[in-house]
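> Submitted below is the structure of interest, expressed as structure tokens.
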Amino acid sequence: MTLSRQKPYRGVFPVAPTIFHDDGTLDLDGQRRVIDFMIDAGVDGICILANFSEQFALTDDERDRVMDAVLRHVAGRVPVIVTTTHFSTAICAARSRRAQDAGAAMVMVMPPYHGATIRVGEAGIEAFFRALSDAISIPIMIQDAPVSGTSLPAPFLARLARDIEHVSYFKIETAQAASKLRTLIELGGDAVEGPWDGEEGITLMADLDAGATGAMTGSGFPDGIRQIIDPHFAGQRDKAALAYARWLPLINYENRQCGLCAAKILLKEGGVIASDAVRHPLEHPHPKTRAGLIEIARQLDAMVLRWGK
């Protein structure tokens, strides 16, 4: 049995970008090619409609079209996590029910927030996730990321895991993630089925050492991430550390230089997609930054640069 078929879910679950034509309209054929590349590159699962998917730039209709196209095309080959974040409890619950009905294995949700100042306290966050859990029967992953501007202390997350039925996975991408993961695992016990690494794997090695069982990275080089995670899971930490050192320049280039554009740049360079367009007002990095990304990926023989050629 492969990792992707096991529960709890573990392994490499990259975020798939949303693919556009040059004119900004959805390219669902390109979307399907990205999914095929990711599966060929060895992912254990896929996440869609996350921030790295430009979910904030999609209409509700476009979200549904992407979700339906991806879930139909995956056809059960790997589990798919659908991001259903919304400030409204009712809308988030409705999105999550629709994702479940379409075949999602899990939903990923950020705590409710809006803009720079509108936040919800712990009592409201708990009520939000309790209502979400009551609405569905698949696991919920809480995304703990700085973009929400919401403090989610490890003891609070552990309590949510213990007290709310389907809250069982946590993507930790805050500062000092490894320490937070250790505390979450210690306090949450068996209720924390999936303590996961995030932020494109920039802290992956430390997070694995802390007990992370999954990684939600960018989609440009899952074959490289597998070279780190697989030996670590097999107890070969030294081999994992060497692989992490080898791939870290590319991980860093994505995280610190190119952001969500990185995967699309690599996918286009490798012939997987026809356009690496992002939605305005997002912009691509400087051409020399783009060239630097591709250069490092080529030195590492990343599968993405040869899959579509």
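The values are calculated or read from the model by the stated rules, or taken from the named source; none is laboratory data. Worth saying up front: this structure is predicted, and the values here are computed from it rather than measured. Every residue, glycine as well, gets a Cβ built from its backbone with ideal geometry; the counts of neighbours run over all protein chains shown. With ligands, DNA and RNA removed, areas are computed over all heavy atoms of the protein, side chains included. Shrake-Rupley method; radii C 1.70, N 1.55, O 1.52, S 1.80 Å.
> Considering only residues that are open to solvent by 10 Å² or more (accessible area, probe 1.4 Å) and either assigned to a loop (DSSP other than H, G, I, E, B) or touching a residue at least 40 places away in the same chain (Cβ under 8 Å) (or both), which ones fall in segment 150-167?
Passing the criteria: T150, S151, P153, E165, H166.
> So V167 ticks every box in (1) closer than 24 Å to L71 by Cβ; (2) more than 19 Å from the chain's Cα centre (by Cα) but one. Which box is left unticked?
(2)
Yes/no per residue for (1) more than 20 Å from K7 (Cα to Cα); (2) over 20 Å from the mean Cα position of the chain (by Cα):
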residue: V107; (1), (2): no, no
residue: T117; (1), (2): yes, yes
residue: A131; (1), (2): yes, yes
residue: P139; (1), (2): no, no
residue: D144; (1), (2): yes, no
residue: P153; (1), (2): yes, yes
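> Go through (1) assigned to a helix (DSSP H, G or I); (2) without any contact (Cβ under 8 Å) to a residue 24 or more places away in the chain; (3) in contact with a Cys (Cβ under 8 Å, 6 or more places away or on another chain) and name the single condition I265 misses.
In the conditions (1) assigned to a helix (DSSP H, G or I); (2) without any contact (Cβ under 8 Å) to a residue 24 or more places away in the chain; (3) in contact with a Cys (Cβ under 8 Å, 6 or more places away or on another chain), I265 misses (2) alone.
> Are any residues in segment 277-290 open to solvent by less than 100 Å² (accessible area, probe 1.4 Å), within 13 Å of G259 (Cα to Cα) and not aliphatic (A, V, I, L, M), and if so, which ones? First the steps, then the outcome.
Initial filter on segment 277-290 (open to solvent by less than 100 Å² (accessible area, probe 1.4 Å)): 277-279, 282, 284-285, 287, 289-290.
Restricting the remaining residues to those that are within 13 Å of G259 (Cα to Cα) gives 278, 282, 284-285, 289-290.
H284, P285, T289, R290 - these are the residues of segment 277-290 that are open to solvent by less than 100 Å² (accessible area, probe 1.4 Å), within 13 Å of G259 (Cα to Cα) and not aliphatic (A, V, I, L, M).
> Please verify whether segment 172-189 includes one or more residues that are more than 23 Å from G149 (Cβ to Cβ), aliphatic (A, V, I, L, M), in contact with a helix residue (DSSP H, G or I) (Cβ under 8 Å, 6 or more places away or on another chain) and at pLDDT 95 or above.
Residues of segment 172-189 that are more than 23 Å from G149 (Cβ to Cβ), as a first pass: 182, 185-189.
Among the residues that remain, those that are also aliphatic (A, V, I, L, M) are: 185, 187.
With the extra rule that they be in contact with a helix residue (DSSP H, G or I) (Cβ under 8 Å, 6 or more places away or on another chain), the set shrinks to 187.
Checking which are at pLDDT 95 or above leaves us with 187.
Yes, that holds for at least one residue.
> Turning to a different aspect of this structure: Can you work out which of the residues in segment 121-177 that are β-branched (V, I, T) and in contact with a Phe, Trp or Tyr (Cβ under 6 Å, 6 or more places away or on another chain) is farthest from P79 (Cα to Cα)? Even if it seems obvious, please write down each step before you answer.
As a first pass, look at segment 121-177 and keep what is β-branched (V, I, T): 125, 136, 138, 140, 142, 147, 150, 164, 167, 172, 174.
Imposing the further condition that a residue be in contact with a Phe, Trp or Tyr (Cβ under 6 Å, 6 or more places away or on another chain) reduces the set to 142, 150, 164, 167.
Values: I142: 17, T150: 28, I164: 22, V167: 17 Å.
Across segment 121-177, the extreme among qualifying residues is T150.
> Quick one: which helices (runs of 4 or more DSSP H) sit completely within segment 182-254 and have at least 3 residues that are open to solvent by 10 Å² or more (accessible area, probe 1.4 Å) and within 24 Å of V304 (Cβ to Cβ)?
Values: elements: 204-209, 222-233, 237-252.
Correct list: 222-233, 237-252.
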